[in-house]
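These notes concern the structure reproduced below.
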């Protein structure tokens, strides 16, 4: 495995130096890698000739007062996990952006709701860093987890709108044995917060099961879920169309829907989601 | 020459169907082509395997009250000129953007000054349409004229910031025999306006010559130029750093500078510029 720190070196490697016809895959991360990230690498590994993992804690996607400084960092552990997954290139730039950097990519509408409502500018930071990483790596495939479901929808929109020459691949959310969705931020939870955080997945599972059993009214489904959530504060709990992220009032057959939650435990904000289908 | 109307068809042609290693060049235009555009095609023709010219009057780059509706259109004439220049593909989509299109690309700072100050949103529309055209065409080279000097600076910034896999090629401004910079909008000028519009180039030439002769103070150079301009209204007359577009107070040796003007003649707004060097 090759570790590259300089964006220009990566760009040289993935453009002129690579063999013609070679397929490149990218897993963009903020490091502090866990089995959720490993699943993204495992998904791409058999589909590409060269697998690149980027590790960069992107300041653009953190708002004032958010946890940029305390976001966990562990490049040594990240490198070990990447090696295990057969990664070819670990791209870990100290600085990603060039001097005079001035460009931002905004996806309107989709970024105003859910996490976007409480984290203004977050998804513009995500779209911008991903556009630059897609460009630098010249990737044909890029993998993202359904854990960050809104991010996935936003990036798919960006790729289609700008006709970027790559395909976004989605991987299912990965949970710990206790049901908590894997997240680098879980490290900040106290044992008691960790126990209470299990309620997020439990609540979403109840919602999903009730929908499968025939409850179609969003109000009823969301009330049910809310009763099961044990958190210091719920940021949002929503049932939305899986493509437009518009709120749903009643489930329709063959309309993919998603239930999503964001909640605070002390200083830590967690998110989770499930697919909801009325069979 | 092949004419393509459907963005998906163009994308298929320029990605999977093209021969590996083939080089693609793009000249993005709003049609109503003139010898200025032809010079862009001639610049790229010997450097690429496949030359694409796009003709699309992009609504995103017109503000409310601007001349979107009266912008001249002449697809038959455009096709003839492209054929003469050995163009391979004329891409003339009735609609360029997909359903649900929601993305914009903004280049901050550089777009707030000069034309950006009086045309808010214009350069965001330009950057966005160019990002999409670059994506659809998978071009390796894209040519733009120095006539739209600020546009060139903005697009170079975007390409560097997003590490887009192409190179921007600049072509010198082309003038008619009377010195007026070629522009599709010149068609709207009355004979008297046309005569008065010659003053723009004359004024810039005086400025350039005075600089070459040793006048280095921007105030003095701009005063000199202003005395020669005959227009209904001057939007701006400026002397700026050629890379940052920041105003210059005094020319420095080896600092590329540019003098730019925008002025109104009746309903028509014209722009012009020259390179300024203190030798």
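So here's what we get for this one:
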| quantity | calculated |
| --- | --- |
| Candidates A:228, A:243 - the one that is touching a helix residue (DSSP H, G or I) at 6+ places or on another chain (Cβ under 6 Å), in contact (Cβ under 8 Å) with a residue 12 or more places away in the chain and not assigned by TED's automatic domain parsing to the domain that holds residue A:119 | A:228 |
| Evaluation of residue A:68 against (1) assigned to a helix (DSSP H, G or I); (2) surrounded by fewer than 17 Cβ atoms within 10 Å (Cβ to Cβ); (3) within 21 Å of the chain's Cα centre (by Cα) (one fails), failing number | (1) |
| Total residues in segment A:117-139, condition within 12 Å of another protein chain (Cβ to nearest Cβ) and assigned to a helix (DSSP H, G or I) | 13 |
| Matching residues in segment B:252-270 - criterion: being under 14 Å from residue B:193 (Cα atoms) and part of a strand (DSSP E or B) | B:263, B:264, B:265, B:268, B:269, B:270 |
| Residue check for residue B:258: out of contact with any helix residue (DSSP H, G or I) (no Cβ under 7 Å at 6 or more places or on another chain), under 26 Å from residue B:154 (Cα atoms) and either surrounded by fewer than 21 Cβ atoms within 10 Å (Cβ to Cβ) or more than 14 Å from chain A (Cβ to nearest Cβ) (or both) | no |
| Residue match in segment A:8-27 (condition: touching a helix residue (DSSP H, G or I) at 6+ places or on another chain (Cβ under 8 Å) and closer than 26 Å to residue A:116 by Cα) | yes |
| Options B:161, B:232; residue that is modelled with pLDDT of 95 or more and more than 14 Å from every other protein chain (Cβ to nearest Cβ) | B:232 |
| Which numbered condition residue A:151 misses (of (1) under 20 Å from residue A:30 (Cα atoms); (2) within 13 Å of another protein chain (Cβ to nearest Cβ)) | (2) |
| Sole exception among (1) in a helix (DSSP H, G or I); (2) surrounded by fewer than 16 Cβ atoms within 10 Å (Cβ to Cβ); (3) without any contact (Cβ under 8 Å) to a residue 12 or more places away in the chain for residue A:160, by number | (2) |
| Residue match in segment A:120-139 (condition: in contact with a helix residue (DSSP H, G or I) (Cβ under 7 Å, 6 or more places away or on another chain), more than 30 Å from residue A:22 (Cα to Cα) and in contact (Cβ under 8 Å) with a residue 12 or more places away in the chain) | yes |
| Check on residue B:211, outside the structural domain of residue B:44 (by TED's automatic domain parsing), closer than 21 Å to residue B:244 by Cα and in a helix (DSSP H, G or I) | yes |
| Single unsatisfied condition, residue B:90 versus (1) more than 14 Å from every other protein chain (Cβ to nearest Cβ); (2) closer than 24 Å to residue B:180 by Cα; (3) buried (at least 18 other Cβ atoms within 10 Å of the Cβ) | (2) |
| The listed residue being under 30 Å from residue B:160 (Cβ atoms), surrounded by 13 or more Cβ atoms within 10 Å (Cβ to Cβ) and in contact with a strand residue (DSSP E or B) (Cβ under 6 Å, 6 or more places away or on another chain), out of B:242, B:231 | B:242 |
| Failed criterion for residue B:13 (all others in (1) buried (at least 19 other Cβ atoms within 10 Å of the Cβ); (2) within 14 Å of chain A (Cβ to nearest Cβ); (3) under 14 Å from residue B:136 (Cα atoms); (4) modelled with pLDDT of 95 or more hold) | (4) |
| Given (1) more than 22 Å from residue A:163 (Cα to Cα); (2) away from chain B (no Cβ under 13 Å); (3) at pLDDT 95 or above, number of the condition residue A:142 does not satisfy | (1) |
| Qualifying residue in segment B:164-180 (condition: within 14 Å of chain A (Cβ to nearest Cβ), in a helix (DSSP H, G or I), modelled with pLDDT of 95 or more and within 19 Å of the chain's Cα centre (by Cα)) | no |
| Segment A:94-103 - residue that is within 12 Å of chain B (Cβ to nearest Cβ) and touching a residue at least 40 places away in the same chain (Cβ under 8 Å) and, of those, surrounded by the most Cβ atoms within 10 Å (Cβ to Cβ) | A:96 |
| Qualifying position, being in contact with a strand residue (DSSP E or B) (Cβ under 9 Å, 6 or more places away or on another chain) and buried (at least 22 other Cβ atoms within 10 Å of the Cβ), among A:32, A:54, A:39 | A:54 |
| Subset of segment A:104-116 [buried (at least 17 other Cβ atoms within 10 Å of the Cβ), in a loop (DSSP other than H, G, I, E, B) and within 12 Å of chain B (Cβ to nearest Cβ)] | A:110, A:111 |
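Here's the yes/no breakdown for (1) without any contact (Cβ under 8 Å) to a residue 40 or more places away in the chain; (2) under 22 Å from residue A:164 (Cα atoms); (3) part of a loop (DSSP other than H, G, I, E, B):
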{"site": "B:8", "(1), (2), (3)": "yes, yes, no"}
{"site": "B:13", "(1), (2), (3)": "no, yes, no"}
{"site": "B:20", "(1), (2), (3)": "yes, yes, yes"}
{"site": "B:25", "(1), (2), (3)": "no, yes, no"}
{"site": "B:32", "(1), (2), (3)": "no, no, yes"}
{"site": "B:38", "(1), (2), (3)": "no, no, no"}
{"site": "B:41", "(1), (2), (3)": "no, no, no"}
{"site": "B:46", "(1), (2), (3)": "yes, no, no"}
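The values are calculated or read from the model by the stated rules, or taken from the named source; none is laboratory data. Just so we're clear, the structure is a prediction, and the values are computed from it rather than from any experiment. All Cβ positions, glycine included, derive from the backbone under ideal geometry; neighbour counts span all protein chains shown.
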